[in-house]
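The values are calculated or read from the model by the stated rules, or taken from the named source; none is laboratory data. These numbers come from a predicted model, not from an experiment. Positions of Cβ are backbone-derived with ideal geometry, glycine not excepted, and every protein chain shown enters the neighbour counts. Remember, those area values only see protein heavy atoms, side chains included, never the ligands or the DNA or RNA. Shrake-Rupley method; radii C 1.70, N 1.55, O 1.52, S 1.80 Å.
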Amino acid sequence: MIEAYDANASAPITKDMDIAAYNKICRDIRNQPKWRLDADTDCDYYDGAQTSVEVNQRLKDAGIPPQDSNLIKPTINAVLGLEARSRTDYKVTSDDEAQAEIAEGLSAKIKEIETESRADRAMSDAYSSMIRAGVGWVEVSREFDPLKYPYRVREIHRNDIWWDWTAREPDLSDARYLRRDKWVDREQALRMFPEEAALIENSWSGWNTLDVYAGTDTGMARAYEVEQVWGRVQEEYLNRASGMVRLSELWYRHYEEAPVLMLPDGKAIEYSECNPYHQQAVAQGLVQVQKSLLPRVRVSIWLGPHKLMDVATPLPHGNFPYVPFWCFRKDRSRSPYGLIRDMRGPQDQIIDLDILLYEVLNSVKVEVDNDALDLAQNTYQEVAQNMNSLRSMTVLNSQRRNANGFRVTREHALATQVFQLVQERKKRIEEVGGVYRAMLGASTEASSGVAINNLVEQGSTVLAEPNDNFRYARRLVGQQLLAFAAADMVGKPMAISVREGARRKVIYINRQVMTPQGPVVENDITTAQVKVVLEDIPATPTFRAQQLQAFSQMVQAAPPQFQAIMYPAMLELSDIPNRHELAEQTRKAAGVTGPTTPEQDQQQAQMMQQQQAMQQQMIQLQMALAAANVKKTEAQAQSIAQEAQGDGGKNAQLQQQIEQLKAQLADKSAELELKARDLELKEEKIGIDARLAAEKLSLDHVNKALSQRTI
């Protein structure tokens, strides 16, 4: 017997979602606030479709040509231009200095991914959507086409995404579900799910080619009954006119109990039975084990009420692959909205005032006596119509009683007031968007550079919240890209080339090296505790030009002895293609040491140690030689003294020789003391030279950091 299905039933979200839980999610989505119509209207205003049918009819009745006074678009474009000018690069950092080399290598890798996957373009499109409509979406996933770059970053239209409205976190980390709808060709859907081809074909044909109760297979009968009680028309997911079907990609979270290891430092990680280190730590009692509820992410694909697949997440992280970019959200309903929402009122008023101004400028007041016109030649209606024409002709009655019985006046006094209102509304559009005329490059009342900069800074302050939300979302995209890169590098020895000025160094990841304790993995990616941040300095040509201008003024004001050090760094700030090579040649010509690689620093340190060892050996040899000379002189003196004792007749002569030898010994001792003092001075000189070399090495590292900042 086929299990009955209640379309109004409520079911919790569990592993391998059933139709009841999915139907509840669809009901929740249909009952969400209706914010998408307002968002579409906001985008219509940006596209210049702000005049309604009623307004167009008013224009037509007044004889006014269609209005094209779209002041919202240039204001929004100014905001989008600020994002393009202040764009920053990704940087991978680590709190552990031992993993600084891994972070440096991953920084180079994520910059490559950012460039090849065109992530900047996707996030710029999402920024445009969030500014105009209130929310933008970016997909971060793997590329299905093996001939393309393995990672894909693209912008997704807001109307394709439906999320859990009860979520409160800006990254939707607490959301129960997220659904994306996508229309694809029916043939493509059949190739994507060949095992469900029969189900797709039967649903497409309206179940007219199959008797679902004629066989023993109850799968088709179950699918048929589910579709009958689904309560939605097939046109929502089947477009037979275009041959397309709508697939719903549902990402959802469910919770499971799992053991967790509590580390001594307070951190917690999930226990894995396949990890021998976890087993060893538990066996030795180094960690505590406790059970916790952990979220699990899964993905299922639906065609209307039919589930085509349901698997665990293939992503290397625990988030949904769609990153939201929020602009503003209402406090009560949490509905997103953008900058255009507050601009619509002034824009509508400008259109109304333009119509009023046109009517005022074309208004004519005609005063006519009852005998002033020659009614045989023109009627009152014809005269009224001709007054609005640039070439009008009126035939008067020659027998009229009053010569001034026909008067035409134009009232233009109101036009000035209407024009002032139009200018105020134009200014209002810029103010509600946080964009001032100085940011648009237009003339303002501010006359000094400080006042203009204050206006620009004030505009940046007004846009602080959406820009902060954008930086947060941009970092989330980078974190997901880093997760993909790290997962694909596990267990694979890699060499990453990192550029430092004009030089390059190689960072080895997952390289196995031999140590006295045995083979170990150097820069193991599985142990890397790294995170993605955004650079403090924008990486745009405009900002580099500003830096170059400010740095050139610093070089001009610096003393001559410092200009030789600062000038190569100024060259590296320019946009010259071979700026790094020119800077290196300039340093060599000026005798200034440029930035060195860690390998070169290690070689210099080894050479200094060898020189110090050789100097110490020379000192020891000289001291040993001096001691040997003293011992030789003492031995000669003792020999002479013994000979003098054996031959008393020669005492006087021998005594004289002894005195001479004593004098020579005293001279040798004084000379030895001088040499010892000279050796002490040489040792002090070696110590001073070592300190100077260390300070010079520190200065080289400072120059190296400055060179990296200016790349």
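Placing +1 on each Lys and Arg Cβ and -1 on each Asp and Glu Cβ, with no other charges, gives region 82-230 a dipole about its Cα centre of roughly 560 debye. Per residue, region 266-308 exposes 62 Å² of solvent-accessible protein surface, assessed with a 1.4 angstrom probe and all protein chains in place.
Label-point separation (nm) for residue 685 and residue 391, each offset 7 Å from Cα along Cα-to-Cβ? If labels sit at residue 685 and residue 391, their model points lie 10.7 nm apart. Computed from Cα atoms alone, the Kirkwood hydrodynamic radius reported for region 8-89 is 17.5 Å.
Probe radius 1.4 Å, ligands and nucleic acids ignored: give me the carbon and sulfur share of the accessible area of region 7-128 as a rounded percent. Numbers along the way, then the final one.
Numbers: 2870 of 6050 Å².
That share works out to 47 percent.
Cα centroid separation, region 318-356 to region 69-98: 19 Å. Scanning residues 5 or more positions from residue 271 or on other chains, those with amide H under 5 Å from its amide H are 260, 261, with H placed 1.01 Å from N in the peptide plane.
Taken as Cα centroids, region 518-534 and region 128-188 sit 30 Å apart, rounded to the nearest whole angstrom. When restricted to Cα atoms, region 285-367 yields an Rg and a Dmax of 28.7, 106 Å, respectively.
How big is region 345-432 by the Kirkwood estimate over distinct Cα pairs, in Å? Before the final figure, lay out each step's value.
Values: mean 1/r = 0.0646 Å⁻¹.
It works out to 15.5 Å.
With 27 Å as the limit on Cα-Cα distance, the pairs of 182/307; 91/492; 111/148; 91/330 that go past it are 91/330.
Shown here for region 82-179: GluC sites (Glu not before Pro) in loop regions (DSSP other than H, G, I, E, B) with at most 14 other Cβ atoms within 10 Å, namely 143.
Extending 7 Å from the Cα toward the beta-carbon at both residue 281 and residue 229 defines two label points whose distance is 4.9 nm. For region 16-171, the solvent-accessible area works out to 47 Å² per residue, with a probe of 1.4 Å and every protein chain left in place.
State, to one decimal in nm², a quarter of the convex hull surface area for the C-alpha atoms of region 105-252, i.e. the direction-averaged projected area. Show your work: numbers first, answer last.
Numbers: hull surface 51.5 nm².
Averaged projected area of region 105-252's Cα convex hull equals 12.9 nm².
Over 21 Å between Cα atoms, which of 24/291; 73/426; 15/291 qualify? Going by Cα-Cα distance, 24/291 fall outside the 21 Å limit. Within the accessible area of region 296-362, the carbon and sulfur atoms contribute 50%, probe 1.4 Å, all protein chains present.
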